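The values are calculated or read from the model by the stated rules, or taken from the named source; none is laboratory data. Values in this document were obtained by computation on a predicted structure and should not be read as measured data. Cβ placement follows ideal geometry from the backbone for every residue including glycine, while neighbour counts extend to all protein chains displayed. Surface accessibility is based on the protein's heavy atoms, side chains included, excluding ligands, DNA and RNA. Shrake-Rupley method; radii C 1.70, N 1.55, O 1.52, S 1.80 Å.
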Amino acid sequence: MKDSVNRQELYDLVWSEPMLKVAARFEVSSSYMARVCTLLNVPRPERGYWAKLTVGKATRQPPLPEARPGDVLIWSRNGDQSRFHRLLPKPPADLPRRRNMPVGPRATQHPLLVGAKPLFEAGRLSYGAEYLKPAKRLLVDLAVSKTGLDKALTFANQLFLAFEERGHRVVIAPNEEQFRRAEVDEHEVPRRNYGYNNLWSPGRCTVVYIGTVAIGLTIIEMSEEVDVRYVNGEYNRLSDYVPPKRGRQDHGWTSKHDFPSGRFCLQAYSPYGRAEWVHQWRETKDHDIASLIPAIVKKLEQAVIEIARMIEEGERKAEIERQRWEAQQAQWRREEAEKRAAKALKDSKEDLLQIIEMWGLSKRLDAFFTDAESGLADLPDDDRGRMQDRLRRARELIGSVDALDRLRAWRAPDER
């Protein structure tokens, strides 16, 4: 049974034998294997292809499309992608001097955002705040309130389409990449050593590929600290609070609390574990974040060179650390082997000396038993039988006194 396959291997398989046989190699159903083809962007024969092939009427085999940045390249039956070698990401050789004109009608909504709104709206709210927490994990990376959702989706759409027009693909990162998401601080005034924020986080990063370098994107609705009145289990902005009529008490108290501000921050970051890089663009009351999109695209196109360099340097250091660790392990194994050899030599020598000592004792015991046996002939018959029995029992108690028997049980150093 095969447990993994890359795009080229799968393409060769599905065009060399029916899908049922291909699926049997991986012990999955043919419909499941068809979904794997879709996942890896591998064209497969249409229904009835093999019957048509036998009579020479089959359609022409399409070529395997080139893999795009962000495409899944390998499918593993157990989901383990860690053992597959990946090339270092590289920035594009050159960037277009002007926007690429799309062929056909221009897209009005980015594919990542299709159907996202109802999934966010159906989510629950974060504890102590108003940020949405959808149940679905594979969604575009937004930290947003219900009131800010439309603006966040509009900005995300404009930003993603701007990247696509420059030839940069925006996708949810494939599982095989094992990217990590940068921490999110939603406060408009960042806080040092800020702990758990109870915000929703996606199952995988949202990334833009510039060349083959991925940059993570998180759109955050910032929160602002305002004066509030806590009444009946809810925080109410002090500016919106209506005190009870005269003679009544609300039994609440006044304090400060964080509320979504309706202003947004774009956090771009390196999702690679060995390249730490984060940059933010923050909206203000006077400047809408959408106006920053051209500057954002330009900045990230420039940043990929530095990120790629950091990744390469990180991999170089990791390789040095790996070699150092392997050398330490080899040294530890040698030292352990030397310790075991020294102990085996010591134990073997001590055992041999004990055998020799026992040999001397066995000689005296053998002489004792020989002398006792020679004296049995002089005893009366009734006493001779009784003493023979005692002599037999004594020999059994002592055991073998043969030096060869003891030497046979001894182990040399290399046998230990």
**Message:** Could you check the range 282-309 and list, in sequence order, the residues that are surrounded by 17 or more Cβ atoms within 10 Å (Cβ to Cβ) and under 33 Å from the mean Cα position of the chain (by Cα)?
**Reply:** Ile293, Ile296, Val297, Leu300, Glu301, Ala303, Val304, Ile307, Ala308
**Message:** Looking only at the range 27-73, how many residues end up being part of a loop (DSSP other than H, G, I, E, B) and of a type in the set (Phe, Trp, Tyr)?
**Reply:** 0
**Message:** Of the residues Leu376, Leu397, only one is touching a helix residue (DSSP H, G or I) at 6+ places or on another chain (Cβ under 8 Å) and assigned to a helix (DSSP H, G or I); which?
**Reply:** Leu376
**Request:** Return a yes/no flag: does the range 77-93 have any residue that is surrounded by fewer than 11 Cβ atoms within 10 Å (Cβ to Cβ), modelled with pLDDT of 85 or more and assigned to a loop (DSSP other than H, G, I, E, B).
**Result:** no
**Message:** Quick check on my filter: what residues within the range 1-47 are of a type in the set (Asp, Glu) and either in contact with a helix residue (DSSP H, G or I) (Cβ under 7 Å, 6 or more places away or on another chain) or over 26 Å from Lys57 (Cα atoms) (or both)?
**Reply:** Asp3, Glu27
**Request:** Go through the range 162-213 and give me each residue that's at positive phi, over 19 Å from the mean Cα position of the chain (by Cα) and open to solvent by 40 Å² or more (accessible area, probe 1.4 Å).
**Result:** Gly167, Asn193
**Request:** For residues that are among the charged types (D, E, K, R) and in contact (Cβ under 8 Å) with a residue 12 or more places away in the chain, scanning just the range 19-41, find the one that is most open to solvent (accessible area, probe 1.4 Å).
**Result:** Glu27
**Item:** Condition check for Ala330: over 30 Å from Gln280 (Cα atoms) and small (Gly, Ala, Ser)
**Value:** yes
**Asked** Taking into account only those residues within the range 57-76 that are free of Cβ contacts under 8 Å to residues at least 24 places away in the same chain and open to solvent by less than 70 Å² (accessible area, probe 1.4 Å), which is farthest from Arg204 (Cα to Cα)?
**Response** Ala58
